[in-house]
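Taking it in order: structure first as structure tokens, then the write-up.
The values are calculated or read from the model by the stated rules, or taken from the named source; none is laboratory data. In this text the structure is predicted, and so the values were computed from the model without any measurement. Cβ placement follows ideal geometry from the backbone for every residue including glycine, while neighbour counts extend to all protein chains displayed. Ligands, DNA and RNA are stripped out before the accessible areas are found, and what is left, the full protein with its side chains, is counted by its heavy atoms. Shrake-Rupley method; radii C 1.70, N 1.55, O 1.52, S 1.80 Å.
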Amino acid sequence: MMMSMLASMSLYADDLRLNDLGYFERQGVNVLVFSNNFNGGFNDEKNSGIEIIHHGVRTVQGGAVRLNNTPEQWDLVPKTINRKVDRENGSIEVAMRYDDYDFDSRVVVTAKGEAVEIAVWLDKPVPDALAGEAGFNIEFLPSQYWLKTFTVDGRLGRLPRYATSETITRPNAEKPRQFKGFKTYDDRGTGRFIDPLPIESGHEMTLATDDPERMIRISSEDAELRLYDGRMLAQNGWFVLRSVLPKGKTGKVLTWTVEPHAIPGWIRQPNIGFSQIGYIPEQPKVAVIELDKKAQPLSTASLMRIKGDGTAEEAFRGTIRSWGTYYKYNYVKFDFSEVKQPGIYYIQYGDTRTNDFLIDAHVYDKITDATTDVWVPIHMNHMYVNEGYRTWHGEPFKEGYLQAPPSNHFDLHSQGETTDTKYKPYELIPGLNIGGFFDAGDFDIETGSNINVVQNFIRTWELFRPQRDETFVSQQQRYVDLHRPDGTPDVLQFIEHGTLNLVAQAEQIGHMASTLSNSVLDNYHHLGDAASITDGLHYDPSLKPYEVSADGKRSGTPDDMWAFTTRSPQLDFRAATMFAAASRALEGYNDDLAHRALTQSKRLMEEATELMKQRAQNASQDDYSWLDGNTDTDNTSTTSQRPGRRNRNPQQLGNMATNLQLYGATREKQYLDHFTQQIWTALDRNVANNMQTALDAIPYMDEAYKKRLRPYVEKYEEYIQRFDEQNPYGVPIGLGNWAGGNAVLSFGTTVCFAHLYYPDIVPKDEVYRVANWLYGCHPYHNYSFVAVVGATRPKAVFYGNNRADFSFIPGNVAPGLLFRQPDHFENFDDWPFLWGQNEGTIAGNTQYIIFGSALKNIVNENR
Ligand SMILES: [Ca+2]
Ligand SMILES: [Ca+2]
Ligand SMILES: [Ca+2]
């Protein structure tokens with residue numbers, strides 16, 4: 001009796017409460033109500049609405065009024081009209097709206113003991129067009145719920161590892177509109193779409209009855225709960241629980257009670273951040289330990305050495321130093337720098353033991369090899385790519401690219417009112433299916449990114465002259481074979497491959513395309529062999545869909561890729577700069593291509609300069625944005641933009657970084673003069689943003705320049721040090737919708753170059769900050785963000801084009817820690833499909849090659 005009274009009292013003390021940050025909290029459970037809104041750019045990003053962070057893992061999201069049984073990425077999402085936190089009543093109310101259907105609804109979430117009540121309110125009934133379609137949905141992360149048991153009204157079941165439930169088809173007319181009227185599916189001419197059937201339905205459900213960390217109970221007296229498997233339509237789908245909203249009703253039309261189980265007294269396990277690559281003997285070695293705020297920090301930790309006989313001994317015991325609180329966790333540090341003896345070690349902190357890692361002079365030697373030998377060649381477009389017994393992909397897009405018609409497209413692409421070319425809409429533009437690199441986890445050629453890629457390779461080549469040859473590339477056979485040397489340094493072949501596509505654009509179109517991308521949404525989300533995205537046959541609208549011409553060369557399937565050709569003189573100018581540098585790099589290796597690149601460089605530069613002058617006369621000139629550096633490594637912002645999409649943020653003519661690149665490429669003194677006129681003002685305005693450009697100039701400048709730069713480098717060193725106060729990891733941590741991996745890489749690259757030129761100001765110890773972060777010393781978990789050679793525990797899944805296999809492509813670099821408002825960082829390592837945390841890009845990964853090369857260079861300089 002006494003015991004149960006005590007138990008109920010202590011439970012009462014830990015009811016869900018609305019906290020100061022505006023979400024419901026009890027130990028082990030956070031219920032967030034639209035702390036993160038749906039985003040119009042890609043619609044359903046699986047990051048929004050009502051979310052539950054359950055014992056430290058965000059396992060539930062997507063709670064909202066939705067229009068589909070299992071919404072996909074491009075299905076409509078509601079706009080948040082307002083969000084009210086009512087502290088008095090312990091509730092949060094969100095008003096949401098679907099403009100397309102003039103449909104408003106409100107969701108009110110109220111804490112009720114250990115549960116929340118979720119109620120949907122309507123002031124007007126569900127519109128006729130959505131009757132039976134609109135419902136309240138909430139989504140469960142498959143990788144955390146599959147293989148777990150559940151009960152529905154007393155019946156037992158187990159959630160499936162793979163999607164194999166049942167579906168029906170319905171007429172397309174009954175399908176709620178998708179993003180901009182596009183379709184995510186190819187209905188094969190049937191005029192019908194697929195609609196999944198529920199796995200189960202009832203009024204009371206408990207999911208993960210066999211796992212206290214995931215167990216959650218949902219009940220509703222007034223509505224039927226239906227459980228669906230979203231993976232039936234899309235591999236990135238989640239388990240969906242939904243109730244259809246009743247027809248013709250207003251007021252409180254639906255009520256659910258949701259009770260996530262909390263393990264009494266639960267405290268999150270420590271996350272011991274350290275470098276999975278290991279450490280060289282003389283570098284600083286500091287583990288950052290992330291602790292639950294309720295955890296009592298220990299006073300010491302130990303570094304254990306694994307001996308030759310397999311047993312372990314304590315090599316070092318050190319004091320734990322407190323750093324403090326950063327967002328929701330508490331941080332302490334363990335410094336074991338004084339251990340310098342090469343060997344195999346692990347960290348022991350209380351009961352927590354890390355995996356082993358090396359202390360050895362050679363730990364950084366291979367950090368770029370997986371990226372250059374595997375990741376980059378696999379992303380070579382218009383080639384057959386083979387590795388041993390495995391074909392990564394056949395030759396894609398054999399039918400070439402059609403002129404895009406005017407279009408307000410997906411993936412942020414568009415084509416203006418005119419084509420800006422001699423081609424008519426849908427006409428074949430010859431010669432574009434050559435060279436170039438896949439953008440990221442998708443297969444388009446982003447021209448801006450590809451320009452960055454070629455520039456990154458040229459920079460790598462000019463600075464480090466890597467002779468590494470592990471890849472066979474035959475442009476004639478359109479064949480790439482991994483791990484087969486062919487006598488040519490691979491970096492030169494990558495420069496050539498990127499240039500081939502970009503020169504073809506300039507020659508065939510007359511200027512640069514903004515992108516070469518998918519024409520239809522139903523092949524944009526392709527997962528599999530790139531060669532099967534299109535049918536390889538020219539689209540012929542005189543044939544019926546899916547019909548093939550008698551000669552077997554044309555088909556009626558409109559799957560051909562499009563070239564988006566709206567002219568941007570800024571993009572042309574960037575291409576011209578890159579072509580000039582490429583022609584220098586390719587001279588003596590591919591003289592013909594070097595000559596073509598130079599021809600296009602001169603022509604585009606002349607035309608772009610003229611066009612920009614014309615356009616500038618029509619625009620106001622009080623814009624000083626050109627003062628910012630905008631080199632390809634300066635992205636220190638926290639925007640949601642992926643790296644490399646600079647074509648949508650064009651540089652102005654006169655940009656000092658461009659002038660510097662132009663000088664490097666042409667050696668014409670006027671460009672250097674323009675650069676020197678601008679750099680000091682820019683540095684006075686913002687040292688951090690412009691330091692990389694200032695350092696890039698050093699090889700071309702005299703001692704006086706280097707001396708004048710010194711005080712700015714001193715300021716930059718202060719800027720580096722400030723990160724030690726901002727967060728426990730000492731690097732710039734991004735809070736955008738695309739995790740800040742690119743900004744961290746930029747920072748790391750600049751620090752490396754600052755040290756190379758000013759070792760007395762920026763000490764060598766600083767260059768390891770970013771390496772530590774990338775290779776495992778970061779929040780959430782301690783896996784390496786780089787699928788890199790040498791790491792004991794790299795991440796296991798990435799958002800690559802093989803993501804449906806829950807796999808990775810070696811050498812990929814994940815964007816990393818995704819911030820969810822108001823206080824949660826995450827990086828899923830069992831669920832690849834969230835690009836903001838797991839998608840490596842071609843521009844970002846080639847930037848990693850520069851960072852890694854610079855780091856290796858510094859580490860090995862005195863060896
Ligand atoms: Ca893309
Ligand atoms: Ca080669
Ligand atoms: Ca085709």
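The spacing between region 402-421 and region 212-235, judged by their C-alpha centroids, is 41 Å. Pairwise Cα distances in region 204-351 exceed 21 Å in 65 percent of cases.
Determine by what factor the alpha-carbon radius of gyration of the chain differs from 2.2 N^0.38 Å, reporting the quotient. That ratio works out to 0.99.
The three principal axes of the Cα atoms in region 809-863 give end-to-end lengths of 45, 25, 20 Å, sorted in falling order. Take each peptide in 43-51, 753-761, count the other Cβ atoms within 10 Å of every residue, and average; sorted highest first, the result is 43-51, 753-761.
Taking LYS293, LYS252 and ordering them by how much accessible surface each has at a 1.4 Å probe, largest first, produces LYS293, LYS252.
Surface exposure of region 46-171, expressed per residue as accessible area with a 1.4 Å probe, stands at 37 Å². For region 580-608 and region 516-547, what is the centre-to-centre distance using only Cα atoms, to the nearest Å? Each part reduced to its Cα centre gives a spacing of 33 Å. Computed from Cα atoms alone, the Kirkwood hydrodynamic radius reported for region 319-441 is 20.9 Å.
Entry note, the chain: relative contact order of 10 percent, from Cα contacts under 8 Å with a spacing of 6+ residues. Determine which aspartates and glutamates satisfy two conditions relative to LYS669: a Cα distance under 18 Å, and not lying fewer than 8 residues away in the same chain. In chain and number order, the partners are GLU606, ASP696, ASP702, GLU703.
Between ASP123 and ALA550, the modelled label-to-label distance comes to 6.5 nm, taking each label 7 Å out from Cα in the direction of the beta carbon. Count Lys and Arg as plus one, Asp and Glu as minus one, and take only other residues whose Cβ is under 12 Å from that of TYR775; the net charge is then +3. How large is the Kirkwood hydrodynamic radius of region 727-863, counting all unique pairs of alpha carbons, in Å? After inverting the pairwise mean of 1/r, the radius is 15.2 Å.
Our summary gives region 208-317 a relative contact order of 19 percent, counting only alpha carbon pairs under 8 angstrom and 6 or more residues apart.
If you place +1 on the Cβ of every Lys and Arg and -1 on the Cβ of every Asp and Glu, how big does the dipole about the Cα centre of the chain come out, in debye to the nearest 20? With only Lys, Arg, Asp and Glu charged at Cβ, the dipole is about 720 debye.
Solvent-free Debye calculation, one equal scatterer per alpha-carbon of region 501-626: log10 I(q)/I(0) at 0.13, 0.14, 0.16 Å⁻¹ equals -0.75, -0.82, -0.91.
Given their separation in residues at 0.36 nm each and the Cα-Cα distance between them, ASN19 and HIS483 gain 161.5 nm when the chain is fully extended. Each of SER91, ILE344, ILE429 was placed along the dipole of the chain (beta-carbon charges, centred on the mean Cα), and the one lying farthest toward the positive end is SER91. As a calculated quantity, the FRET efficiency between GLU338 and ILE168 at R0 = 60 Å, using C-beta atoms, amounts to about 0.35. The alpha-carbon of LYS398 sits under 29 angstrom from the alpha-carbons of these lysines, leaving out residues fewer than 8 places away in its chain: LYS180, LYS183, LYS422, LYS424, LYS544, LYS553. Taking each residue as 0.36 nm, the span from LYS424 to ARG83 lengthens on full extension beyond its C-alpha to C-alpha distance by 118.0 nm.
Looking at region 259-319, the GluC sites (Glu not before Pro) that sit in a DSSP loop and have at most 14 other Cβ atoms within 10 Å of their own Cβ are GLU282. Note on region 511-569: Cα-Cα pairs beyond 17 Å make up 48% of the total pair count. Full extension of the segment from ASP222 to ASP365, taken as 0.36 nm per residue of separation minus the current Cα-Cα distance, would add 45.1 nm. Of the peptides 218-225, 369-376, the order by per-residue mean of other Cβ atoms within 10 Å, starting with the highest, comes out as 369-376, 218-225. Measuring nothing but protein heavy atoms, the accessible surface of the chain at 1.4 Å probe radius is 49 percent carbon and sulfur.
Helix-only arithmetic for the chain: the sum of -39500 (n - 2.57) across DSSP H runs with n ≥ 4, divided by the residue total, places the mean residue ellipticity at 222 nm at -8000 deg cm²/dmol.
In whole Å, how far is the Cα centre of region 450-495 from that of region 765-824? Answer, in whole Å: 25.
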